[in-house]
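The values are calculated or read from the model by the stated rules, or taken from the named source; none is laboratory data. Since this is a predicted model, take the numbers as computed values, not measurements. FYI the Cβ positions are ideal-geometry reconstructions off the backbone, even for glycines, and counts take in every protein chain you see. Just the protein is used for accessible areas: all its heavy atoms, side chains included, with ligands, DNA and RNA removed. Shrake-Rupley method; radii C 1.70, N 1.55, O 1.52, S 1.80 Å.
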Amino acid sequence: QQLCQVPPPRHYGPCQPAWTPEREEDDKLTPLSSLRGTPREPVRHCSAPDDYFRVLFLQLSIYLFPASTGSRDMNRKRHRLVPEAFGQKRRREGGDVEADPLRGESGSARAAVAELLRLFPRVLFQDALPPIALRSQVYSLVPDRTVADRQLKALQEQGEIRIIQLGFDLDAQGIIFTEDYRTRVLKACDGRPYAGAVQKFLASVLPACSDLSFQQDQMIQTFGFRDPEITQLVNAGVLTVRDAGSWWLAVPGAGRFIKYFVKGRQAVLGMVRKAKYRELLLSELLGRRAPAAARLGLAYHVHDLIGAQLVDCVSTTSGTLLRLPET
């Protein structure tokens, strides 16, 4: 007695093999009437598909190990399920970190000075003042103060820059390119009674001495100035009295700059003080409208606040955070 060979069950779903007429014939059951035929009539066996075991193994793998098999599809689904708002926020936060221009290191003190002088508002002073940068501002771009001081000292000895004492603070020192200083001083003193003394000072003292101050003996004995000529230099604003027999190097008309600078520093510092928790993102601060007192510009004053350590800089995922130090 011959038994009927039962074909394997059909498979449905994504792993079902493609339909062909031959496969359809193979899937048909052998009729029982054919079993009663003549012995010579062969019984037709239903053959299993060639890839049956491979498909079965694949289905078992998907069932037993869904994470390893469908992880790529699931990751794509999860990505589509993330709200677009989070994606925009992530891109915005990443952009804030890159949008902190004040925190990039310039690499050298000279490059830092040049960058800061470009922020100086020449139009505010009708181009009568030479562009001035502060030593504290250089520290915001060259955090290593020892390196910054050494490079500034070298530039000063080479005669490329002049350093002046601004007067409102012992640590407040202005940095000016020597050529800019010479040009603006000559322009300010042109046609004045003291123009001769100023030209003599620029021709003899300025190239030979890079100090911040000058002594009376040095001016009279070394450079040949008389007391009336020194008085003319003070009246011209090229020198300011330090103490008896000593003078600071100065810039004519610098008093107006100092007034704007002090008021602007307090105004920008007040913006951080009034913020929640007395801290503010650098990018948010630079994006705000400058107060009326900050006539030199927000970026100019923020460099000073950072370099003078009036605010602490904290790195966050959203960018640099400016925070008032605890007192």
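Values computed for the structure shown
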| quantity | calculated |
| --- | --- |
| Any hit, region 308-322, residues being in contact with a strand residue (DSSP E or B) (Cβ under 6 Å, 6 or more places away or on another chain), over 24 Å from PRO193 (Cα atoms), small (Gly, Ala, Ser) and part of a helix (DSSP H, G or I) | no |
| Checklist (1) hydroxyl-bearing (Ser, Thr, Tyr); (2) assigned to a helix (DSSP H, G or I); (3) open to solvent by 30 Å² or more (accessible area, probe 1.4 Å) applied to THR240, failing item | (2) |
| Meets criteria (of a type outside the set (Phe, Trp, Tyr), at negative phi, without any contact (Cβ under 8 Å) to a residue 40 or more places away in the chain and not in a helix (DSSP H, G or I)) for VAL251 | no |
| Condition check for ASP211: open to solvent by 40 Å² or more (accessible area, probe 1.4 Å) and part of a loop (DSSP other than H, G, I, E, B) | yes |
| Criterion (farther than 20 Å from ALA254 by Cβ and open to solvent by less than 20 Å² (accessible area, probe 1.4 Å)) met by exactly one of LEU141, LEU206 | LEU141 |
| Inter-residue pairs, beta-carbon under 7 Å, first closer than 15 Å to ILE161 by Cα and in contact (Cβ under 8 Å) with a residue 24 or more places away in the chain and in region 207-226, second open to solvent by less than 70 Å² (accessible area, probe 1.4 Å) and assigned to a helix (DSSP H, G or I), 6+ apart | SER210/GLN156 |
| Residue within region 264-284 that is open to solvent by less than 20 Å² (accessible area, probe 1.4 Å) and of a type in the set (S, T, N, Q) present | no |
| Which numbered condition ASP171 misses (of (1) outside any helix (DSSP H, G or I); (2) surrounded by 13 or more Cβ atoms within 10 Å (Cβ to Cβ); (3) within 44 Å of the chain's Cα centre (by Cα)) | (2) |
| Every pair of residues 6+ apart whose Cβ atoms lie under 7 Å, when the first sits in region 265-289 and is of a type in the set (Lys, Arg) while the second is open to solvent by less than 70 Å² (accessible area, probe 1.4 Å) and not in a helix (DSSP H, G or I) | ARG273/LEU324; ARG278/LEU324 |
| Members of region 214-230 that are outside any helix (DSSP H, G or I) and more than 47 Å from the chain's Cα centre (by Cα) | PHE223, GLY224, PHE225, ARG226 |
| Test result for ASP217, acidic (Asp, Glu) and modelled with pLDDT under 90 | no |
| Failed item, numbered, when ASP96 is tested on (1) open to solvent by 90 Å² or more (accessible area, probe 1.4 Å); (2) modelled with pLDDT under 50; (3) under 23 Å from the mean Cα position of the chain (by Cα) | (1) |
